[in-house]
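Engineer: Structure provided below as structure tokens; questions to follow.
The values are calculated or read from the model by the stated rules, or taken from the named source; none is laboratory data. No experiment lies behind these values; they were computed from the predicted model shown. Using ideal geometry, Cβ is built from the backbone for each residue, glycine included, and neighbour counts are taken over all protein chains shown. For the accessible areas, the whole protein counts, side chains as well, though only heavy atoms, and no ligand, DNA or RNA atoms are used. Shrake-Rupley method; radii C 1.70, N 1.55, O 1.52, S 1.80 Å.
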Amino acid sequence: MRNKFYITTPLYYVNASPHIGHSYTTIAADTLSRYMRHVLGDKNVWFLTGSDEHGQKIQRAADEAKLSPQDFADKMSLQFKELWKELDISYNDFIRTTEIRHIKTVQKVLDILHKKGDIYEGKYEGLYCTPCETFWLESQVSDNLCPDCKRKLERISENNYFLNLEKHQAWLLQYIKDNPSFIKPESRRNEVLSFLLLNKLEPLCISRPKERLSWGIPLPFSPDYVTYVWFDALINYISAVGSFDEDNKYISKWWPADLHLIGKDILRQHAVYWPIILHALGGIEQPKTIFAHGWWLINSDKMSKSRGNVVSPLDMVNKFGLDVYRYFILRDVPFGLDGNFSEEAIIKRFNGDLANDLGNLIYRTLTMIEKYYTGNVPELDIFNIKLDNSGEKIKQAINDLGIYPLLNLNFDFSLALEKIWELINMANKYVEETKPWNLAKENRIEELKSFIRLLVEVIRKVAGEIYPFMPETSKSIIQQIGEDKIKKGKPLFPRIDTSKPVT
Ligand code: ME8
């Protein structure tokens, strides 16, 4: 299918409740999906999210909750679905790794790779982090602690199944070099390139013996083992949108993915393991782009379940409103970089960008339409008449404002919003410069009319442009400034008084 856009988020682990980090990737994917639906039409966008439900972490959390892993996963994946509903996430499909459609595809992939010899049996001896389910080399570890989570490593020796990564290393390196848009942003691409240049890829252990961990997808060719959770989870991107035919050819209307949106913590799995799995399968196209964004930090420390410093997205939405939250997380930090999360930072954006700039422009314009035109939007085609210098500049800015290519090429949400706000600020400045109350007093009727009409055009343009970011606000602005009559409501963003605690 041409002219389509298939976008994915990571499948989040269901071992704990979702936090703002998860909502970040998902809101970004939602914003891009809404924008692409606008560009390509509803039917041509497929937005996939879901939950990652196998493995040690989930087994442990289920044990602690005194539930079976399946019951626990059922309960927790519902929490993610409920959150996405609250955040107005317009996903098309939610895949759970415990669904049959997924399990069947994973087993098929395992079978194909096993028959081809890419997956083989071997012995593993070395260090292992159980909570992270990661094997470590002696050379990577200094103090017997996991380099990632800093917990104690175990020494294990067991038979397992391995995927030969090294065989495909030279191919992957070349592929990344030849395809500059494959890994974004540039800094992450360079990180993967230098990793591949400097290291020999070790075989990836893709199985776990059932006696140690039974909560996983059984290996089709060896009943004593289940599949390693990462090997299982990555395959969701193809299991959700297609299947293998009798000749082991993968058939899908949506694949290849146009964008895998992920955090930088899972870049290696997506930019090394996943392309190699697809390549080893033979003939399956690579995703077009893998974009790894930065982290939300709390006091400069990564927000994560294991560090116990998580913030609930629902708490933020209840305090500040959904669109304010969506605006904040996409505006405050350039996509790709890390950012510090704090309520003070939200309030600053709220009082500045939303109350002072956008809210004020709308409120003052509506008030003037009420006062000077008894609520009727003045009729005038300002694009066909000449305005004063500032007016002409604003007209130009309305015409020039196209966030669409910007968002499409660089996924720079923050810059896209900044551009929209430049127009808002030009319009606010224009009000202060023009002093419409004087125009009214001096009976300069034509000037007043074109001035107000220009503000209306700015507001309509802004309402359209912010739709993917703030869908409700966009609709509410369009409702307030109707085709011919206005319907003035309460101010959209009443200033937050910072001298009182926010409740
Ligand atoms: O890694 N800042 O799941 P996960 C920004 N199941 N984004 C964050 C974040 C933070 N502090 N914390 C989490 C897994 N995220 C695997 C994925 S995919 C086939 C399997 C976001 O629940 C970010 O997108 O640990 C990150 O990559 C993801 O949540 C990790 O979610």
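Engineer: From the list Y161, Y175, which residue is aromatic (F, W, Y) and more than 25 Å from I290 (Cβ to Cβ)?
Structural biologist: Y161
Engineer: Within segment 278-314, track down each residue that is in a loop (DSSP other than H, G, I, E, B), hydrophobic (A, V, I, L, M, F, W, C) and closer than 24 Å to Y13 by Cα.
Structural biologist: Answer for segment 278-314, where residues must be in a loop (DSSP other than H, G, I, E, B), hydrophobic (A, V, I, L, M, F, W, C) and closer than 24 Å to Y13 by Cα: W295, M303, V310, V311.
Engineer: Would you pick out the residues in segment 252-262 that are of a type in the set (G, A, S) and either within 13 Å of the ligand (Cβ to nearest atom) or touching a residue at least 60 places away in the same chain (Cβ under 8 Å) (or both)?
Structural biologist: Taking segment 252-262 as the starting set, the residues that turn out to be of a type in the set (G, A, S) are 252, 257.
Selection gives A257 alone.
Engineer: What pairs can you find where one residue is in segment 20-45 and charged (D, E, K, R), the other is open to solvent by 10 Å² or more (accessible area, probe 1.4 Å), and their Cβ atoms are less than 6 Å apart, with a gap of 6+ or different chains?
Structural biologist: D30/I89; D30/S90
Engineer: Can you find, within segment 263-313, the residue that is nearest to the ligand (Cβ to nearest atom) among those that are hydrophobic (A, V, I, L, M, F, W, C) and open to solvent by 40 Å² or more (accessible area, probe 1.4 Å)?
Structural biologist: Just the residues of segment 263-313 that are hydrophobic (A, V, I, L, M, F, W, C), to begin with: 266-267, 271-272, 274, 276-278, 280-281, 284, 290-292, 295-298, 303, 310-311.
Imposing the further condition that a residue be open to solvent by 40 Å² or more (accessible area, probe 1.4 Å) reduces the set to 295, 310.
Working: W295: 4, V310: 8 Å.
The residue in question is W295.
Engineer: Here is a follow-up. Restricting attention to segment 466-476, and to residues there that are assigned to a helix (DSSP H, G or I) and surrounded by fewer than 22 Cβ atoms within 10 Å (Cβ to Cβ), which single residue is farthest from the chain's Cα centre (by Cα)?
Structural biologist: Checking each candidate, the answer is S476.
Engineer: Of everything in segment 246-277, what is in a helix (DSSP H, G or I) and within 14 Å of N236 (Cβ to Cβ)? Give them in sequence order. It would help to see each step written out before you state the result.
Structural biologist: So the first thing to find is which residues in segment 246-277 are in a helix (DSSP H, G or I), and the list is 264-277.
Once the filter is applied, which keeps residues that are in a helix (DSSP H, G or I) and within 14 Å of N236 (Cβ to Cβ), segment 246-277 yields I266, Q269, H270, Y273, W274, I277.
Engineer: Could you tell me whether G359 is outside any loop (DSSP other than H, G, I, E, B), open to solvent by less than 50 Å² (accessible area, probe 1.4 Å) and either in contact with a Leu (Cβ under 8 Å, 6 or more places away or on another chain) or at pLDDT below 95 (or both)?
Structural biologist: yes
Engineer: Can you tell me which residue is nearest to the ligand (Cβ to nearest atom) among those in segment 334-363 that are touching a Pro at 6+ places or on another chain (Cβ under 9 Å) and assigned by TED's automatic domain parsing to the domain that holds R444?
Structural biologist: Looking at the filtered set, the residue picked out is A355.
Engineer: Here's a follow-up. Any chance segment 127-149 includes a residue that's crowded, with 17+ Cβ neighbours inside 10 Å, free of Cβ contacts under 8 Å to residues at least 40 places away in the same chain, assigned by TED's automatic domain parsing to the domain that holds N248 and in contact with a helix residue (DSSP H, G or I) (Cβ under 8 Å, 6 or more places away or on another chain)?
Structural biologist: Within segment 127-149, one or more residues are crowded, with 17+ Cβ neighbours inside 10 Å, free of Cβ contacts under 8 Å to residues at least 40 places away in the same chain, assigned by TED's automatic domain parsing to the domain that holds N248 and in contact with a helix residue (DSSP H, G or I) (Cβ under 8 Å, 6 or more places away or on another chain).
Engineer: Do we have any residue at all in segment 22-34 that's in a helix (DSSP H, G or I), open to solvent by less than 10 Å² (accessible area, probe 1.4 Å) and over 20 Å from E472 (Cβ atoms)?
Structural biologist: Yes, there is a match, as at least one residue in segment 22-34 is in a helix (DSSP H, G or I), open to solvent by less than 10 Å² (accessible area, probe 1.4 Å) and over 20 Å from E472 (Cβ atoms).
Engineer: Could you go through segment 84-91 and let me know if any residue there is away from the ligand (no atom under 16 Å from the Cβ) and out of contact with any helix residue (DSSP H, G or I) (no Cβ under 8 Å at 6 or more places or on another chain).
Structural biologist: yes
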